[in-house]
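The block underneath contains the structure these notes are about, expressed in structure tokens.
The values are calculated or read from the model by the stated rules, or taken from the named source; none is laboratory data. These numbers come from a predicted model, not from an experiment. Every residue, glycine as well, gets a Cβ built from its backbone with ideal geometry; the counts of neighbours run over all protein chains shown.
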Amino acid sequence: MLPSKTYIQSTKLDRLYPCYDVIVIGAGIAGLICAAFLAKNGKKVLLIEQHSIPGGYCTSFKRKGFNFDAAVHHIGGCGKWSIVGRCFKTLGIEMNFYPLDPMDNLIFPKFSIEIPANLEDYITRLQERYQSEKDSVKNFFNDFIKLYRATFNNEKSQIIDKYKDKTFGEMLNAFFKNDELKMVLSGQWGYIGLPPAKASAIGMCQMMINYLKDGAFFPSGGTQEFANAIFKKFIDFGGHVMLSFKVKKILSSGNTVKGVKLEEGKEIASDVVVSNIDARQTFFELLEGRIDSPFLRKIERMKESCSFFLLYLGVGAELDLSELKRGFYHTSNDSSYAAGEWMYISVPTKICPSLAPANKQIISVVVYIKDGTYKYKNINDWKSFKQDMTLSTINRLEHYIPDIKKHIEVKEAATPKTLERYTLNTNGAAYGWEVSVNQIWDNRLPHKTPFDNLYLAGHWTRPGPGICAVVSSGWNVANLIMKIGGN
Ligand SMILES: Cc1cc2nc3c(=O)[nH]c(=O)nc-3n(C[C@H](O)[C@H](O)[C@H](O)COP(=O)(O)OP(=O)(O)OC[C@H]3O[C@@H](n4cnc5c(N)ncnc54)[C@H](O)[C@@H]3O)c2cc1C
């Protein structure tokens, strides 16, 4: 749903410059932000995207008048003083966001808990519910907030040293005795795709405090509008764009990049290249593993994050969804999340009714599959997988919405293969590299690479996954390029 046909047209081939200051590969949110900042600062920028629309995972699609968000459900830090808010203000982008209040709900088999939009209220709620852990709750959040500030300011500090090698599970064990409290505090681990025993404490902190302190928001008109707003700004700043063009190779001379080669054969020169795409593909396919360095060996050892199954339903007005809570529906009853199979259910039309035809509603479901990465690699028949998952997910939904089957008017689904097809992220990796201790903070790939003039932006690099983090990543890379003239 682009605002006008103008914005989906690629720059005509005969109008391309012979050489660009910067070519950005991939119009995911990090690529868009980086390209927009560079164009705003007078650089000649070409943005190349293999899909026909910008946004990567932050896109929407329409079926029979229902406007479904493909992957992203909400965005952290869109307030005036937070990262996305400041970034949009600097770029001159105006956009309406709906703040989510409550921020989330955690539904466990035996109880549920509402996460308020205000962090102080959440702390009080936890202290009232777990009175014997009152001081520990306070101390835990003191450290968590300090850690958040240090990571976003990119400071080397004692608090980072204290937690950089710790899993979130280890951090929780150091503060709390009560298993239920640990389970509640881990209840949003799906947002980074790793259960607490494996998830990095820094990774959980960046995600949770971002949502709890800086707020979670839904962009008016859906997530495609968020991407479109940045895309439109980039074009207003004079940026050039090629949609539905895939970059096949990054051209280099020795250790210095020189431009790109498209799949259909055309070569385009540039002084600097920014890769917003899968990092393994960047170095092993587009650069054909041309440097033999510890950097490449490191990438060989790194592990992709999980992927998901998604169900998109368009339902009639008569289905009563007023009591259905937006949030994580967990099957686990213990803090190790041994069962680990959760669903995230939301009804975006409760926030933004215009996403559906008059009086209709959208139900959106994200399903985590335990050991998914291993399972996906062994799936040959994706069509059957999709059918089976659609059926089992609707059956699971029936538990919370008894009459749902009678009211479904539109039904679509996406598997990891679908996510991979539209974004080329390997196995539909939702968050780039897995957010484990040895793949976050200093251990995540840096923006600057061993190739001169080649930079990385997006969830395969720092600070990590999620829209707010990749906005910061794209902005940082633009600053690096402008400060040092691309060297
Ligand atoms: C199901 C799901 C739900 C999620 N929910 C949320 C959420 O609610 N909130 C949140 O903050 N985050 C969420 N995330 C995570 C978030 O979407 C990602 O971390 C973020 O969007 C990644 O952005 P990116 O800029 O790194 O790149 P991507 O979105 O991965 O985009 C990369 C772009 O590069 C293009 N590309 C790839 N290869 C080439 C090539 N060779 N040539 C040209 N173009 C190429 C792709 O087509 C794509 O457009 C979710 C992810 C998934 C999968």
Which of the residues spanning segment 305-338 are modelled with pLDDT of 95 or more and either small (Gly, Ala, Ser) or closer than 25 Å to residue 260 by Cβ (or both)?
-> 305, 307, 314, 316, 322, 327
Quick one: which of 280, 301 is surrounded by fewer than 23 Cβ atoms within 10 Å (Cβ to Cβ), within 23 Å of the chain's Cα centre (by Cα) and away from the ligand (no atom under 15 Å from the Cβ)?
-> 301
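Can you find even one residue in segment 476-483 that is touching an Asp or Glu at 6+ places or on another chain (Cβ under 8 Å), more than 11 Å from the ligand (Cβ to nearest atom) and not assigned by TED's automatic domain parsing to the domain that holds residue 205? So that I can check it myself, show each step before the final result.
Taking segment 476-483 as the starting set, the residues that turn out to be touching an Asp or Glu at 6+ places or on another chain (Cβ under 8 Å) are none.
Taking every residue of segment 476-483 in turn, none turns out to be touching an Asp or Glu at 6+ places or on another chain (Cβ under 8 Å), more than 11 Å from the ligand (Cβ to nearest atom) and not assigned by TED's automatic domain parsing to the domain that holds residue 205.
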Is it true that some residue in segment 286-300 is in a strand (DSSP E or B) and not aliphatic (A, V, I, L, M)?
-> no
Odd one out for residue 317 among (1) in contact with an Asp or Glu (Cβ under 7 Å, 6 or more places away or on another chain); (2) farther than 30 Å from residue 211 by Cα = (1)
Kindly list, by first and then second residue, each pair from a residue in segment 378-398 that is outside the structural domain of residue 313 (by TED's automatic domain parsing) to a residue that is surrounded by fewer than 12 Cβ atoms within 10 Å (Cβ to Cβ) and among the charged types (D, E, K, R), limited to pairs with Cβ atoms under 9 Å and residues at least 6 apart or on different chains.
-> none
Collect the residues in segment 19-75 that are within 15 Å of the ligand (Cβ to nearest atom), within 22 Å of residue 447 (Cα to Cα) and acidic (Asp, Glu), keeping them in residue-number order.
-> 49
Return yes when residue 397 is modelled with pLDDT of 95 or more, within 10 Å of the ligand (Cβ to nearest atom) and closer than 30 Å to residue 355 by Cβ and no when it is not.
-> no
Checklist (1) farther than 24 Å from residue 471 by Cα; (2) in contact with a strand residue (DSSP E or B) (Cβ under 8 Å, 6 or more places away or on another chain); (3) in contact (Cβ under 8 Å) with a residue 40 or more places away in the chain applied to residue 235, failing item = (1)
What number of residues in segment 419-431 are surrounded by 24 or more Cβ atoms within 10 Å (Cβ to Cβ) and either closer than 15 Å to residue 204 by Cα or free of Cβ contacts under 8 Å to residues at least 24 places away in the same chain (or both)?
-> 1
Say whether the condition of being crowded, with 17+ Cβ neighbours inside 10 Å, touching a Pro at 6+ places or on another chain (Cβ under 7 Å), touching a residue at least 60 places away in the same chain (Cβ under 8 Å) and within 22 Å of residue 343 (Cα to Cα) is met by at least one residue in segment 457-465.
-> no
Within segment 111-164, count every residue that is β-branched (Val, Ile, Thr), in contact with a helix residue (DSSP H, G or I) (Cβ under 7 Å, 6 or more places away or on another chain) and assigned to a helix (DSSP H, G or I).
-> 6
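Determine which member of the set 232, 213, 182 is crowded, with 21+ Cβ neighbours inside 10 Å, basic (Lys, Arg) and in a helix (DSSP H, G or I). Quick ask: steps written out before the conclusion?
Values: 232 fails: crowded, with 21+ Cβ neighbours inside 10 Å; 213 fails: crowded, with 21+ Cβ neighbours inside 10 Å.
Matching residue, one of 232, 213, 182: 182.
Table: residues versus (1) in contact with a Leu (Cβ under 6 Å, 6 or more places away or on another chain); (2) farther than 17 Å from residue 232 by Cα.
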{"residue": "14", "(1), (2)": "no, yes"}
{"residue": "22", "(1), (2)": "yes, yes"}
{"residue": "33", "(1), (2)": "no, no"}
{"residue": "61", "(1), (2)": "no, yes"}
{"residue": "69", "(1), (2)": "no, yes"}
Has segment 311-319 got any residue that is in contact with a Pro (Cβ under 7 Å, 6 or more places away or on another chain), among the hydroxyl-bearing types (Ser, Thr, Tyr) and closer than 30 Å to residue 388 by Cβ?
-> no
